[in-house]
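One structure is given below, encoded as structure tokens.
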Amino acid sequence: MIEYFGNDILRINHALKVYGFASTIGRSETANRDTIDIIEIAAVLHDIGIPVSEKKYKSSAGKYQEIEGPPIARKMLEKLEVKKEIIERVYFLIGNHHSYSKIEGLDFQILVEADFLVNIFEDELNKKMLTSIREKYFKTMTGKMLLETIYDEAVFKSEL
């Protein structure tokens, strides 16, 4: 991922932060080994389609990431000889990580929560948006705890 993004430090930092949160949530929610592998791989590669999307569509919109990211991730993971079942699930997650109505499975839920934990800060979302995201998308106990601890008590303290 770092080689692929080159000197795009913002995208590299984003991916690593999502990875950190996803790994933390997955391990705290006691996911099994394959699920943790899927979560961590999908987290670090979830936005891998952005450079192609920006060239091809002049946009990094989620719908374009979902189109362009999975084939790039598949190629990387096949080169690393990752198990086929893991590649298929990562392919699905990257191809749907902005399609919140499709969330199914602990791995998908955790990827979405981890991405939101990072995007809330990076996109400077307000208290109203934070509350909406919490109500609509956060399901894991660990994800909720992280969201409430990081944002309710720190970033939005002045708005409480």
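Observations on the structure shown:
- GNM top mover of His97, His14, His46 - the chain, alpha-carbon springs below 10 Å: His14
- Comparing Leu80, Leu125, Leu111 in a Gaussian network model of the chain (Cα springs below 10 Å), the most mobile by mean-square fluctuation is Leu80.
- Pairs from the list Lys56/Lys84; Lys17/Lys144; Lys63/Lys102; Lys102/Lys139 with a Cα-Cα gap above 22 Å: Lys56/Lys84.
- Those trypsin sites (Lys or Arg not before Pro) in segment 15-62 that DSSP places in a loop and that have at most 16 other beta carbons within 10 Å: Lys58
- Loop-located GluC sites (Glu not before Pro) in segment 74-116, at most 14 other Cβ atoms within 10 Å (DSSP): Glu81, Glu104
- Between 0 and 90 degrees, the angle of helix 84-94 with respect to the longest Cα principal axis of the chain falls at about 50 degrees.
All of the numbers you see were taken from the coordinates with simple rules; none came from a lab. Keep in mind that this is a model prediction, so the values were computed, not measured. Cβ atoms come from the backbone with ideal geometry, glycine included; neighbour counts cover every protein chain shown.
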